[in-house]
Amino acid sequence: MKAVSRRIISFLLFVWIFSTISFLLISLSPGDPATTILRAEDVSVTEEQLEQVREDLGLNDPVWKQYVQWLGSFLLLDWGESYVTQEPALEMLLQAFPATLYLSAGAFIVAMGTAIPIGVSAAVHRGTWVDSGARLLSVAGASVPNFLLGLFFIQVFAVQLGWLPSIGSGTWWHLVLPSFTLGIGMSSFYIRLIRSSFLEAMAEPSLAAVSIRGVSKRRTRWGYIFRAALVPVFSVLGVSISSLIGGTVVIEVVFGFPGVGSLIVDSITRRDIPVIQCYTILMVAGVTFIQLMSDGMLRLLGPSSHGGGSH
């Protein structure tokens, strides 16, 4: 119970510190939201109109006062309204979030579906052309920037071959190119990790005791070794998923995908502070929650894998 309480307190403290830093950075960054709001329709405005908007939004107040007002509203679950659309910031993000979630899930499936068989094959056939090819693929995937890979996919599969849509959303086919773009970059890291984890697991002295007990080679490989090799994978899985969700920003812009990434880029361009701040809090909370879930999975997996080799 004490451990759970400590985790909750640490979580709340981390969210508060990060949101405070984010608020200060956004508030002190150059640019005037009032100018963006009034000139959104490309019409001329007077200085009096700009000053009135600044006053209405509280932008003329000291930063500390703006922060206190924002924090009070946040604690009351009032996360502000967009300066541009006048819609609740939280509602805008929640409407865009499913698209980003689908894209992240598709990328994760591509990454794991690629990395697991290639990484395992490289470990099992260590020192052969299979191993060399797997390592070459992982280096190539890590060396090419995601946005460049995305542009290549658009040129080949959308423009030249016409097989897949290159921009927008609406069907499952719109997810294919951005999911592969994100997933291939992520898989390059996991190919190396899974290969090294399997090699380490296969070198465990405890496997000799398993063989003496008469357990078949196939069952040993896919039972004891696989579970032991998954431990280091789960140890970094939370960070990878978190970075994957954050990494969708560039890909959503490249493919014109209407997710949270595209929304936040537009909000930064327009200095739509309530939307930016709401996004920051949700991301911090989401990343922390994912990490906690990953730690929980690691705790469940770890004792089992160790216990399997100790009998």
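Within the set of pairs 6+ apart or on separate chains, which have a first residue in the stretch 46-63 that is surrounded by 11 or more Cβ atoms within 10 Å (Cβ to Cβ), a second that is hydroxyl-bearing (Ser, Thr, Tyr), and C-beta atoms under 7 Å apart?
Every condition considered, the pairs that remain are Leu50/Thr35; Leu57/Tyr83; Val63/Ser27.
Which numbered condition in (1) farther than 22 Å from Ala229 by Cβ; (2) modelled with pLDDT under 80; (3) loosely packed, with under 12 Cβ neighbours inside 10 Å is the only one that Val159 fails?
(2)
Only one of Val236, Val275 is in the same structural domain as Ala201 (by TED's automatic domain parsing), over 29 Å from Thr171 (Cβ atoms), part of a helix (DSSP H, G or I) and at pLDDT 70 or above; which? Don't jump to the end; show me each part of the working.
Values: Val275 fails: over 29 Å from Thr171 (Cβ atoms).
Going through Val236, Val275 in turn, just one is in the same structural domain as Ala201 (by TED's automatic domain parsing), over 29 Å from Thr171 (Cβ atoms), part of a helix (DSSP H, G or I) and at pLDDT 70 or above: Val236.
Only one residue in Val210, Val250 is farther than 20 Å from Ala107 by Cβ, in contact with a helix residue (DSSP H, G or I) (Cβ under 9 Å, 6 or more places away or on another chain) and either crowded, with 16+ Cβ neighbours inside 10 Å or at pLDDT 80 or above (or both), so which one is that? Walk me through it before giving the result.
Numbers: Val250 fails: farther than 20 Å from Ala107 by Cβ.
Sole residue among the options that is farther than 20 Å from Ala107 by Cβ, in contact with a helix residue (DSSP H, G or I) (Cβ under 9 Å, 6 or more places away or on another chain) and either crowded, with 16+ Cβ neighbours inside 10 Å or at pLDDT 80 or above (or both): Val210.
Let's see how each residue does on (1) buried (at least 17 other Cβ atoms within 10 Å of the Cβ); (2) modelled with pLDDT of 70 or more; (3) among the aliphatic types (A, V, I, L, M); (4) closer than 21 Å to Glu87 by Cβ:
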position	(1), (2), (3), (4)
Val254	yes, yes, yes, no
Ser267	yes, yes, no, yes
Leu282	yes, yes, yes, yes
Leu301	yes, no, yes, no
His306	no, no, no, no
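Does Ser166 fit the bill of being in a helix (DSSP H, G or I) and closer than 25 Å to Thr248 by Cβ? Full working, then the answer.
Numbers: in a helix (DSSP H, G or I): no; closer than 25 Å to Thr248 by Cβ: yes.
Against the criterion (in a helix (DSSP H, G or I) and closer than 25 Å to Thr248 by Cβ), Ser166 does not qualify.
Filter the helices (runs of 4 or more DSSP H) completely within the stretch 19-134 down to those with at least 1 residues that are farther than 30 Å from His174 by Cβ, of a type outside the set (Lys, Arg) and modelled with pLDDT of 85 or more. Walk me through how you get there before you give the answer.
Numbers: elements: 33-38, 47-57, 63-75, 89-124.
Qualifying helices (runs of 4 or more DSSP H): 89-124.
The values are calculated or read from the model by the stated rules, or taken from the named source; none is laboratory data. Just so it is clear, the structure is predicted and the values come from calculations on it, not from any experiment. As a convention, Cβ positions derive from the backbone with ideal geometry for all residues, glycine included, and neighbour counts pool all protein chains shown.
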